[in-house]
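Chemist: Below is the structure I would like to discuss, written out as structure tokens.
The values are calculated or read from the model by the stated rules, or taken from the named source; none is laboratory data. Computed from a predicted model, the values in this text were never measured in an experiment. Every residue, glycine as well, gets a Cβ built from its backbone with ideal geometry; the counts of neighbours run over all protein chains shown. Ligands, DNA and RNA are stripped out before the accessible areas are found, and what is left, the full protein with its side chains, is counted by its heavy atoms. Shrake-Rupley method; radii C 1.70, N 1.55, O 1.52, S 1.80 Å.
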Amino acid sequence: MTKKYISFTIDVENPQTPLYQKRFTDNRVWSEGWGIEKLIEVFNEAGIVASFFTNVYEYPVWGLEEARKVVRCIHEGGQEVELHTHPMWVDEKRRENMYELSYREQLGIIKSGAEFIASVTGKYPTAHRAGAYGFNADTLKAVEDAGLLCDSSNFFGHPFCKEVVTKNEIVKVNGILEAPVTYIEHAGRYLKTDIDWLDEKTIVAFCKHVLADDSLNFVNIFMHSYSLCDNSEDYSTYTRSTQKVEKLRRIIDAVKKIDGFEILPLSQITGKFDIPENPGRVTAPLPDREKLSSLESLRAEIKDLAASIGEKPQVTESPSATFIEEKKEIIFVKRNPQVRIYKEAWAIKKRFPDYKLILIGNKVDEAFFNEVFDEILYYNSLQELIQYITSNEPLVYHVHAEPNIEPAIVAEHSNVPVVYDVYDFSGVRYGLENLPIEERKYEKFALENSSAIVFKFPESILDYYREHGYKIDVPVMTYMDYCVDDYFSTGMPEENVLSLVYAGVLNPTHWPREKYGNNQYYDIVEQVVRQQIYYNIYINKWQVESENEYRDYLDLMKKNEYLKFNFSRPQSVLQNEIKDKSFGVSFHNFYVTNHNPLFGETSIGNKLSTYLEAGLPVIVSDNLKLNTKVVEDMGVGFGIPLDNMGNLREMIESYDYRKLKQNVLNIREGEMSALANVPRLIDFYKEINS
């Protein structure tokens, strides 16, 4: 008879989206003793060892010592600490799912997390689970190559599972086990056996079903570290729930009484018996993630993907189901909208107020975007996004990358022209050969099938893709991150005082230099402040704000009065606060990273318009060839070699500051004005529509 196993597994984490949106400031892993401590107490009372999949990557929020404390609590409580990967907290591009990373990136994430756990417990973890079940074939290979024995990311029917290898049975995949998130199917939906999703009777009935079915061998009773609390809908508050504690105890008591199961953590199941080899991918609601040999098969894959993520909601005839009725509407789409979208929408709203502007996103800073959009809509799955796209016919869909799955899906399903707006090209950043298969396919599809492409680069950047066989033959427009009049400020620095401003991404210095070094500036800051030049740092609003992450800068600030370190400011506040400084700066060292050289040469961030809005001339490192050319051609600043940073004061003093300053004031109201340029964008929409 097939041996049967039950494992209790816990994802130890804070609710990820609410944490990212800063809806709370306390670590919900603890929940005032009603988090992991209460779970450990309940399991120990029952004599059960559970698998606690711990997201150690939240340390930028809470600090490394807090992460150690969580791991130590679980380990010393007699439970098993396993690895849970949510890469967005340590990834500069804030990619949420493991499958969005390359194999090498995934391997680095997994190894670093596993080694961190081992450094606290003295024991290397056995099992891994990808956050939001977002894994692919590269993940499984990375898990194996990192030395773990088991993965538990497979949730059949979930849209983020890109490599479905089983349904409800533990199988062997190459050299590791896949212990799936088990589920029941109900009304066309796949419901995991989670104490927050199912009542105890259903969970117990499923256990009995597995016991009776010789083809099944496993039940995964799932929960989160905050599952014993009642949380408000937005997770901003919570209360302890004795009812949930009692529910868990009843489930434990009931399954312990079912003869025929062993209740074990995943670490003890590994090697326990002869796991059957997986014969290959199973038929799942998502298509097989295999290499595609043609554009036609990619189109079919995206179409199948879109059609198969959950049930399609029914479109009703009510007014709320259809939000587009006129061609004077423009719909912007991006998973996590940022400043570029705001500036485009702001200019349209100012110059063409008769257009209705709608934003579709997943994570949206409403306080920021409500100023320029008439309506903000949210999607929680790709199926919901497709529902919006297929139900409406605006003038255009203006969809922003990255990531590129949304642009690909909009391009596939829209009945109106699609403008593909690229802030940074994924393939240019890392090299096409280093992109994950899925991201490469989606970017290729968007480039070849959108109606038009908009970006801030020279059109020649597309030659990189054409040289790799991409067929790109659509209208293209270069459209910069232009200046918004509402943010204009003007000031003058104090006489004989030099002060620089950097406003943007700042990666902590302890992050791997080969990946994050282009946004690490500590050595540059040291060289600048030695010259008695003030260096004012403002990290951007989408970064984690943790003093522990930037301790070296804060310590240097205590020793040297010329360094001023600041967390983010609202956009309008920032420009006013920096207007009396001397220069805005963009110093980025791509020589130390593994980025594609073309990425550094063409990199030009939206901080350029931020500095111009504040009335500041600009200094850039001259390895940023495009950025340097733009700044020098406009006469608003100059480039400097990174190895000449020690002579920065001398270079600054060789320029006519007042002339640079006057050029800034002229350029921001002319060539770099959002209001002056937005008619080009509207004409572009109309051209591709006709």
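Chemist: Only one residue in Val49, Val56, Val61 is open to solvent by less than 30 Å² (accessible area, probe 1.4 Å), of a type in the set (A, V, I, L, M) and touching a residue at least 12 places away in the same chain (Cβ under 8 Å), so which one is that?
Modeler: Values: Val49 fails: open to solvent by less than 30 Å² (accessible area, probe 1.4 Å); Val61 fails: open to solvent by less than 30 Å² (accessible area, probe 1.4 Å).
Within the list Val49, Val56, Val61, the selection yields Val56.
Chemist: Scan segment 415-451 for residues that are modelled with pLDDT of 85 or more, among the polar types (S, T, N, Q) and open to solvent by 10 Å² or more (accessible area, probe 1.4 Å) and jot them down.
Modeler: Result: Asn415, Asn449, Ser451.
Chemist: Sticking with this one: Please indicate, with yes or no, whether at least one residue in segment 57-66 is of a type outside the set (D, E, K, R), touching a His at 6+ places or on another chain (Cβ under 7 Å), under 24 Å from Thr121 (Cβ atoms) and part of a helix (DSSP H, G or I).
Modeler: Yes, segment 57-66 contains a residue that is of a type outside the set (D, E, K, R), touching a His at 6+ places or on another chain (Cβ under 7 Å), under 24 Å from Thr121 (Cβ atoms) and part of a helix (DSSP H, G or I).
Chemist: Oh, and also: Sort out for me the strands (runs of 3 or more DSSP E) sitting completely within segment 123-208 that have 1 or more residues that are without any contact (Cβ under 8 Å) to a residue 24 or more places away in the chain.
Modeler: Qualifying strands (runs of 3 or more DSSP E): 183-186, 189-192.
Chemist: Please work out which residue is most open to solvent (accessible area, probe 1.4 Å), limiting yourself to segment 242-273 and to residues that are out of contact with any helix residue (DSSP H, G or I) (no Cβ under 9 Å at 6 or more places or on another chain) and either polar (S, T, N, Q) or at positive phi (or both).
Modeler: So, considering only residues that are out of contact with any helix residue (DSSP H, G or I) (no Cβ under 9 Å at 6 or more places or on another chain) and either polar (S, T, N, Q) or at positive phi (or both), the one most open to solvent (accessible area, probe 1.4 Å) is Gln243.
Chemist: Further question: In segment 115-145, how many residues are under 22 Å from Arg72 (Cα atoms) and either more than 22 Å from the chain's Cα centre (by Cα) or surrounded by fewer than 23 Cβ atoms within 10 Å (Cβ to Cβ) (or both)?
Modeler: 13
Chemist: Name every residue in segment 564-601 that is buried (at least 23 other Cβ atoms within 10 Å of the Cβ) and assigned to a helix (DSSP H, G or I), in order of residue number.
Modeler: Listed by number, the residues that qualify are Gln575, Ile578.
Chemist: Sticking with this one: How many of the residues making up segment 217-241 are surrounded by fewer than 20 Cβ atoms within 10 Å (Cβ to Cβ) and either assigned to a strand (DSSP E or B) or in contact with a His (Cβ under 6 Å, 6 or more places away or on another chain) (or both)?
Modeler: Number satisfying all stated conditions: 3.
Chemist: I would also like to ask the following. Determine whether Lys69 is open to solvent by 40 Å² or more (accessible area, probe 1.4 Å) and within 27 Å of Arg440 (Cβ to Cβ).
Modeler: no
Chemist: Do any residues in segment 22-42 that are part of a helix (DSSP H, G or I) have Cβ atoms under 6 Å from those of residues that are hydroxyl-bearing (Ser, Thr, Tyr), where the two are at least six apart or on different chains, and which pairs are they?
Modeler: Correct list of pairs: Ser31/Tyr226; Ile36/Ser225.
Chemist: Going by what's in this entry, would Glu105 be described as closer than 25 Å to Asp424 by Cβ and either in contact with a Lys or Arg (Cβ under 6 Å, 6 or more places away or on another chain) or surrounded by fewer than 23 Cβ atoms within 10 Å (Cβ to Cβ) (or both)? Give the derivation first.
Modeler: Numbers: closer than 25 Å to Asp424 by Cβ: yes; either in contact with a Lys or Arg (Cβ under 6 Å, 6 or more places away or on another chain) or surrounded by fewer than 23 Cβ atoms within 10 Å (Cβ to Cβ) (or both): yes.
In short, yes.
Chemist: Glu561: in a helix (DSSP H, G or I), more than 19 Å from Glu669 (Cα to Cα), open to solvent by 40 Å² or more (accessible area, probe 1.4 Å) and at pLDDT below 90, yes or no?
Modeler: So Glu561 does not fit the description; no.
Chemist: Separate question: In segment 377-413, how many are surrounded by fewer than 23 Cβ atoms within 10 Å (Cβ to Cβ), of a type in the set (Ser, Thr, Tyr) and touching a residue at least 24 places away in the same chain (Cβ under 8 Å)?
Modeler: 4
Chemist: For Ile10, indicate whether it is of a type in the set (A, V, I, L, M), closer than 22 Å to Ile252 by Cα and either part of a helix (DSSP H, G or I) or more than 26 Å from the chain's Cα centre (by Cα) (or both).
Modeler: no
Chemist: Also, quick follow-up: Would you point out the residue of segment 497-512, among those that are modelled with pLDDT under 80 and more than 20 Å from the chain's Cα centre (by Cα), that is most open to solvent (accessible area, probe 1.4 Å)?
Modeler: Among them, the one singled out is His510.
Chemist: Further, regarding this structure: How do the helices (runs of 4 or more DSSP H) wholly within segment 605-690 filter down when requiring 2 or more residues that are surrounded by fewer than 19 Cβ atoms within 10 Å (Cβ to Cβ): which remain?
Modeler: 625-634, 648-653, 657-668, 674-689
Chemist: Moving on. From the list Ile358, Ile341, pick out the single residue that is on the phi < 0 side of the Ramachandran plot and part of a strand (DSSP E or B).
Modeler: After applying the criteria, what remains is Ile358.
Chemist: OK, next. When the residues of segment 356-370 are filtered to those that are open to solvent by 10 Å² or more (accessible area, probe 1.4 Å) and of a type outside the set (A, V, I, L, M, F, W, C), which remaining residue is farthest from Arg668 (Cα to Cα)?
Modeler: Looking at residues that are open to solvent by 10 Å² or more (accessible area, probe 1.4 Å) and of a type outside the set (A, V, I, L, M, F, W, C), I get Asn362.
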